[in-house]
1. Quick check: is even one residue across segment A:310-318 part of a helix (DSSP H, G or I), at pLDDT 90 or above and not assigned by TED's automatic domain parsing to the domain that holds residue A:217?
2. Could you grab me the full set of residues in segment B:240-254 that are part of a helix (DSSP H, G or I) and either modelled with pLDDT of 90 or more or within 17 Å of residue B:266 (Cα to Cα) (or both)?
3. Could you tell me whether any residue of segment B:298-306 is crowded, with 24+ Cβ neighbours inside 10 Å, under 20 Å from the mean Cα position of the chain (by Cα) and assigned to a loop (DSSP other than H, G, I, E, B)?
4. Has segment B:85-96 got at least one residue that is within 9 Å of chain A (Cβ to nearest Cβ) and modelled with pLDDT under 95?
5. Kindly establish whether residue B:4 is more than 15 Å from DNA strand D (Cβ to nearest atom), surrounded by fewer than 18 Cβ atoms within 10 Å (Cβ to Cβ) and within 41 Å of the chain's Cα centre (by Cα).
6. Can you confirm whether residue A:121 is touching a residue at least 24 places away in the same chain (Cβ under 8 Å), under 28 Å from residue A:133 (Cβ atoms), within 13 Å of the chain's Cα centre (by Cα) and more than 11 Å from chain B (Cβ to nearest Cβ)?
7. Name, by its number, the condition in (1) in contact (Cβ under 8 Å) with a residue 40 or more places away in the chain; (2) crowded, with 18+ Cβ neighbours inside 10 Å that does not hold for residue B:330.
8. Please determine, by comparing only the residues of segment A:9-26 that are without any contact (Cβ under 8 Å) to a residue 12 or more places away in the chain and near DNA strand C (Cβ under 7 Å from one of its atoms), which one is surrounded by the fewest Cβ atoms within 10 Å (Cβ to Cβ).
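The values are calculated or read from the model by the stated rules, or taken from the named source; none is laboratory data. Every value quoted in this text rests on a predicted model; they were computed, and no experiment measured them. Heads up, the Cβs are rebuilt from the backbone with ideal geometry, glycines too, and the neighbour counts pull from every protein chain shown.
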DNA sequence: CTGTTAGCGCTTTCAG
DNA sequence: CTGAAAGCGCTAACAG
């Protein structure tokens, strides 16, 4: 209860609360002398305005929410870095919410965020969410929202992603160039846009290179790493096993790695592996691994920047409604 | 301005605001009938209480702050996961602040947090901070605070870390057992407790195994990866270059990796490398790398649990004032 | 240039 | 069991 507030300052200076308030906000209708006195005392007493009083009064919290499936994943870690940097620059605070890819959590978080706790939201949808009414509701509350990476196509809001189609295409071409005849595509939860887009790139690349598309080579993976491991092992055990694997996300590459190893297959001799991965060190640690690296940090920054444009009521160009940033094919050595 | 609040509900139900408020908090002095009516309407209208009004009134925000050097680092990502999980369980919100290892940022963040924005703080100090007055001030404000990983020894607050001495010892013994005669220790910014503790373990292990400690083999590294790279290259170029490297943090291992490569030295033939790393995949990707993995997720959980004990005014056992969790030496193959 | 006052949405005495 | 009223700390009309 020793907290110093406007009242404390006002009393000590024999001024009214409003004068002190205005002095601190450097209002032009306060004399320089008074301002100095107020500032001096405020500094001396380490005055820090109560953020919640301000938020209540102004109906704005200078806080944004970042809602993501998980953070123990290089992509999201880097994205958060980018987001936090922009937020700090703008004087905003960042709340983190993890959905663990669970629909129920995403739902309750979304519901809660309608309370006015935040001025804006950066969201990457969870893989379990088929239904997105909760997001529509949020949008209807007029809370600015930007999707990043795992976007919700059905909602009209700015989106920032990688060039998923293009990089799916590149990855596949890469495997074909390495001599693969039969390439498996490991797909992340199939209601995610990224999995779909990358799949389309994969298909197109096959077509353009005279390879037949085979349904059996599209492996629908889940969030359960054990299950995925078994699934991949099954694929590798089959009669006409693939000689190339394209993992659409990092943890599927890891599962593939184990699956190959435990099946007595070596990478890249028996099976060539290319994967999305934001682990910059992966190809360093293992030259035989080709990765597609997303500009995660940049994606975070761009998404945040977009959100702040909305918060500042600045217009957003139509071509920026869906920003697609280029990913990079990272290949340490040619392993022909 | 379409937000539904207590007034809205009260009006529609011909009840007073206070009755509605009490009904929603399930107060025993409200009739079951009224409660049901209120709850029903609240649900129908998607009522969400304004968090800032509550925080202002109750002088408590159900929010904690996590202040860390960076998030694009597996240790902190995992720690955040642990923290967030506990927080969500307790119905708390999590604010993230990154210091980028800069003292000035840590200072201004600490200052701000004295405003009452959060009920408690989880902090990992930045490597640039020699001075910790700002943290003392925070403590004097009686804001519960728990240090994790990079702790501040000088402040009397609960701490959660790994067994840094022990694992420094283990890592060194490991290198000695691999046959190293001359082991370099790459130390992170020297005012960090973790670097010191690990160094002590290193020294002790040398002593216990009849190796002389050489000052020149303790390399004081910085936060600048380029600089570290050059530093390590210099060490490797010297006349009596080390045949073993113990990297006290992950990014120093990566720098070593590059430095060895570019010096024409191979790992582990010429130089054995052991490093702290929370990249579970590192030894998988490269079997020659031995890592010490911290239980990052657990550290986050324990630190958060401790903080909530403080928030709930529960006593903390003296032996828990500094929790040291065991790290694991992760070694894929014996590379003798 | 400064002060008075109302009110943001909520909880919580205090009255009935 | 329900209502009236005060007040958390701050901002912003409105007065002077």
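1. Checking segment A:310-318: at least one residue is part of a helix (DSSP H, G or I), at pLDDT 90 or above and not assigned by TED's automatic domain parsing to the domain that holds residue A:217.
2. Result: B:252, B:253, B:254.
3. So far as segment B:298-306 goes, no, none of its residues is crowded, with 24+ Cβ neighbours inside 10 Å, under 20 Å from the mean Cα position of the chain (by Cα) and assigned to a loop (DSSP other than H, G, I, E, B).
4. No, every residue in segment B:85-96 fails to be within 9 Å of chain A (Cβ to nearest Cβ) and modelled with pLDDT under 95.
5. yes
6. Yes; evaluated as a whole, the condition is true for this residue.
7. Result: residue B:330 passes all but (2).
8. It comes out as A:14.
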